[in-house]
Amino acid sequence: MEETVFTSAIEGMKLMKSDHDEILTKPFLDVCKMLLPILDKFGAAMAVVKSDISGNITRLDSKYTENPTRFNYLYALVQAELETNTAKNSSSCTNGLLWLTRAMDFLVELFRNLYQHQDWSMQQACNDSYGKTLKKWHGWIASSSFTVAIKLVPDRKKFMEVIASKGDTYADMDKFCEAFSPVLAQIHKFLHSCGVDSMKAA
């Protein structure tokens, strides 16, 4: 089987859950990290998104590293903050997980658009994905900067050439979205049940 830019993330997802269907912290963060090199291929257009994702991964990873046994399961990071009433702080791991999951929603939707709408331009695919995911959580400042950034996206054909390999990129793109989407939905459901899923950006 020939590899693509999505192969490592697809493989990583096989290690993401425990036997009891609980999401494991380290494998989840590792899969998120594996998408960063793909974001690099978008150039300046995704610099803010990449920085945001990297920052939230680092925040969660630092907390996990403090006590890998206690924070082996992803939700333990949130539960610890709920116990100390710090979950809604802007610098909390809960807030970091919420925004990381939202950013992953955007990327999954973007890759899905690229796969399902192969006649769409990159800008069209990005705008549609943004409208379905991050937009409702962004205030005027964040929304405006995102709109400007999307105008800098590379030409779709060039982007696909840059990430191309001997493997079937579109097939793996679809495989990745199908596997990761339910995981993100599971995290959203948990955050909603804890009442910590409504935080917005300026």
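The values are calculated or read from the model by the stated rules, or taken from the named source; none is laboratory data. Predicted, not measured: the structure shown is a model, and the values here were computed from it. As a convention, Cβ positions derive from the backbone with ideal geometry for all residues, glycine included, and neighbour counts pool all protein chains shown. These area figures cover heavy atoms from the full protein model, side chains too; ligands, DNA and RNA do not enter into them. Shrake-Rupley method; radii C 1.70, N 1.55, O 1.52, S 1.80 Å.
Of the residues making up segment 144-155, those that are assigned to a helix (DSSP H, G or I) and either of a type in the set (Val, Ile, Thr) or under 14 Å from Ile38 (Cβ atoms) (or both) are Thr147, Val148, Ile150.
Residue count for segment 179-202 under the criterion of being among the charged types (D, E, K, R) and in a helix (DSSP H, G or I): the result is 1. Could you tell me whether Tyr64 is within 23 Å of Met13 (Cα to Cα) and touching a strand residue (DSSP E or B) at 6+ places or on another chain (Cβ under 8 Å)? Judged against the criteria, Tyr64 is not a match.
Under the condition of being open to solvent by 40 Å² or more (accessible area, probe 1.4 Å), small (Gly, Ala, Ser) and touching a helix residue (DSSP H, G or I) at 6+ places or on another chain (Cβ under 9 Å), the residues counted in segment 145-170 number 2. Looking across Asp30, Asp52, one residue alone is open to solvent by less than 60 Å² (accessible area, probe 1.4 Å), on the phi < 0 side of the Ramachandran plot and either in contact (Cβ under 8 Å) with a residue 12 or more places away in the chain or in contact with a helix residue (DSSP H, G or I) (Cβ under 7 Å, 6 or more places away or on another chain) (or both). It is Asp30. Looking across segment 109-144 at every residue that is aromatic (Phe, Trp, Tyr) and open to solvent by 60 Å² or more (accessible area, probe 1.4 Å), the one that is nearest to Asp197 (Cα to Cα) is identified as Trp140.
Of the helices (runs of 4 or more DSSP H) lying entirely inside segment 1-108, those containing at least 3 residues that are within 25 Å of Ile163 (Cβ to Cβ) span 7-13, 25-34, 36-40, 47-66.
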